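Every number in this text was worked out from the coordinates using simple rules, so none of it is lab data. It should be emphasised that the depicted structure is a prediction, and the values quoted were computed from it without experimental measurement. When we count neighbours, we look across all protein chains shown, and the Cβ atoms used for this are built from the backbone with ideal geometry, even at glycine.
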Amino acid sequence: DTGVSQDPRHKITKRGQNVTFRCDPISEHNRLYWYRQTLGQGPEFLTYFQNEAQLEKSRLLSDRFSAERPKGSFSTLEIQRTEQGDSAMYLCASSLGDRSYNSPLHFGNGTRLTVT
Amino acid sequence: RKEVEQDPGPFNVPEGATVAFNCTYSNSASQSFFWYRQDCRKEPKLLMSVYSSGNEDGRFTAQLNRASQYISLLIRDSKLSDSATYLCVVNRNFGNEKLTFGTGTRLTIIP
């Protein structure tokens, strides 16, 4: 299966600790997105990359959050000094697109973060 | 006001019935529209795009009303496998750079 993969599937951490998640997009996809979803809500946009360039960041992405996609392939999302409010499902998605076209987003299974 | 609003449900519908969901969006400049489906504890998956002229895919029909800024999804002859959360999704551009999701409408088909 060459879909979007995310690691780890689950992460439990204590408040104040740093966590890092990884996303491997579909190999030919140049766009990569991070979303966050809490129970009973739809996914909320966090940020997106086109190749290695981070083109947009949501206001939701506080200074404690940083995302990278150094070689335009996999991406990491780091949360520093985690808070209980960070507990959520973090979803990664990828697509193939340019200025005039974008394929549908393919989501990974997500990383479920629990901050205790 | 939320950018995309949906009735969260739940909708409990008998098998074989027709069910319709509506969704409203606040940004009149929005350009592209979608319905995604999300099964319990799974990732969202694209169900269908929504075009200005309306479009149909088997038992599913999507409509867009730009004047009133709402989107609808109609499911005919509902199946047990249609049980899921249906997410209304809007984008201000023609591409997918920043999809804005509604909270989703939960549908349960009852045997």
key: HN-Hα J in Hz across the range B:100-109 - Karplus 6.51, -1.76, 1.60, θ = phi - 60°, x for Gly and Pro   = 10, 9, x, 6, x, 10, 8, 10, 10, 8
note = Computed over all unlike Cα pairs, the Kirkwood hydrodynamic radius of the range A:32-116 in Å stands at 13.5
remark   = Calc'd 3J(HN,Hα), the range A:35-47, phi into Karplus 6.51 cos²θ - 1.76 cosθ + 1.60 (θ = phi - 60°), Hz, glycine/Pro = x, comes to 10, 10, 9, 10, 4, x, 10, x, x, 10, 5, 10, 6
Gained length - B:Glu3 relative to B:Asn22, 0.36 nm times residue gap less alpha-carbon distance = 5.4 nm
Distance between the range A:51-102 and the range B:61-87 - C-alpha centres, whole angstrom = 29
request  = Report the relative contact order of chain A, percent, no decimals, based on alpha-carbon pairs under 8 angstrom and at least 6 residues apart.
outcome  = 36
inquiry  = Restricting to DSSP loop positions (anything but H, G, I, E, B) with no more than 13 other Cβ atoms inside 10 Å of their own Cβ, which chymotrypsin sites (Phe, Trp or Tyr not before Pro) remain in the range A:1-102?
reply    = A:Tyr101
ask   = What would the Debye formula give as log10 I(q)/I(0) at q = 0.11, 0.13, 0.15, 0.16 Å⁻¹ for the alpha-carbon point model of chain B, no solvent?
value = -0.31, -0.44, -0.59, -0.67
task = Would you mind classifying the range B:58-109 by shape? Square roots of the alpha carbon gyration tensor eigenvalues, ordered a ≥ b ≥ c; an a/c under 1.5 is rounded, otherwise it is prolate if a/b is larger than b/c and oblate if not.
result = prolate
remark   = Pseudo-spin-label distance A:Asn30 to A:Asn18, built 7 Å along Cα→Cβ, given in nm, is 3.2
note = Straight-line reach check, A:Lys71, cutoff 16 Å on alpha carbons, 8 or more apart in-chain or any other chain, hits among aspartates and glutamates -> A:Asp24, A:Glu28, A:Glu52
message = Which of A:His29, A:His10 has the fewest other C-beta atoms within 10 Å, and how do the rest follow up to the most?
response = A:His10, A:His29
query = For chain B, what is the charge dipole size about the Cα centre, in debye to the nearest 20, if Lys and Arg each add +1 at the Cβ and Asp and Glu each add -1 at the Cβ?
reply = 220
inquiry  = Can you compute 3J(HN,Hα) from phi for each residue in the range A:73-88, using the Karplus curve 6.51 cos²θ - 1.76 cosθ + 1.60 with θ = phi - 60°, rounded to whole Hz and x for Gly and Pro?
reply    = 10, 6, 9, 10, 10, 10, 10, 9, 6, 4, 10, 4, x, 7, 4, 5
Spin-label pair B:Asn55/B:Arg92, simplified geometry with 7 Å Cα→Cβ offset, distance in nm = 2.3
message = Only four residue types carry charge here, +1 at the Cβ of Lys and Arg and -1 at the Cβ of Asp and Glu. Report the dipole size of the protein assembly as shown about the Cα centre in Debye, rounded to the nearest 20.
response = 500
inquiry  = Below 8 Å between Cα atoms, with a sequence gap of 6+, how large is the relative contact order for chain B in percent?
reply    = 38
ask   = Which GluC sites (Glu not before Pro) from the range A:9-72 combine a DSSP loop assignment with at most 16 other Cβ atoms within 10 Å?
value = A:Glu28, A:Glu52
inquiry  = Name the residue from A:Gln80, A:Gln54, A:Ser66 whose Cα lies farthest towards the positive end of the charge dipole of chain A, charges +1 on Cβ of Lys and Arg and -1 on Cβ of Asp and Glu.
reply    = A:Gln80
task = Can you list which of the trypsin sites (Lys or Arg not before Pro) found in the range B:46-91 are DSSP loop residues with at most 13 other C-beta atoms within 10 Å?
result = B:Arg59, B:Arg66, B:Lys79
remark   = Flagged as over-length at 22 Å C-alpha distance, from A:Lys14/B:Lys2; B:Lys45/B:Lys79; A:Lys14/A:Lys57; A:Lys57/B:Lys2; B:Lys42/B:Lys79, the pairs are A:Lys14/B:Lys2; A:Lys14/A:Lys57
Pairwise FRET efficiency - B:Tyr70 versus A:Asp63, Cβ, R0 = 30 Å, nearest 0.05 = 0.20
query = When Cβ neighbours within 10 Å are restricted to other protein chains, what is their mean count per residue of peptide A:102-114?
reply = 4
query = How large is the charge dipole for chain A, taken about the Cα centre, if only the Cβ atoms of Lys, Arg (+1) and Asp, Glu (-1) carry charge, to the nearest 20 debye?
reply = 360
ask   = Can you give the convex hull volume of the alpha carbon atoms of the protein assembly as shown per residue, in Å³?
value = 132
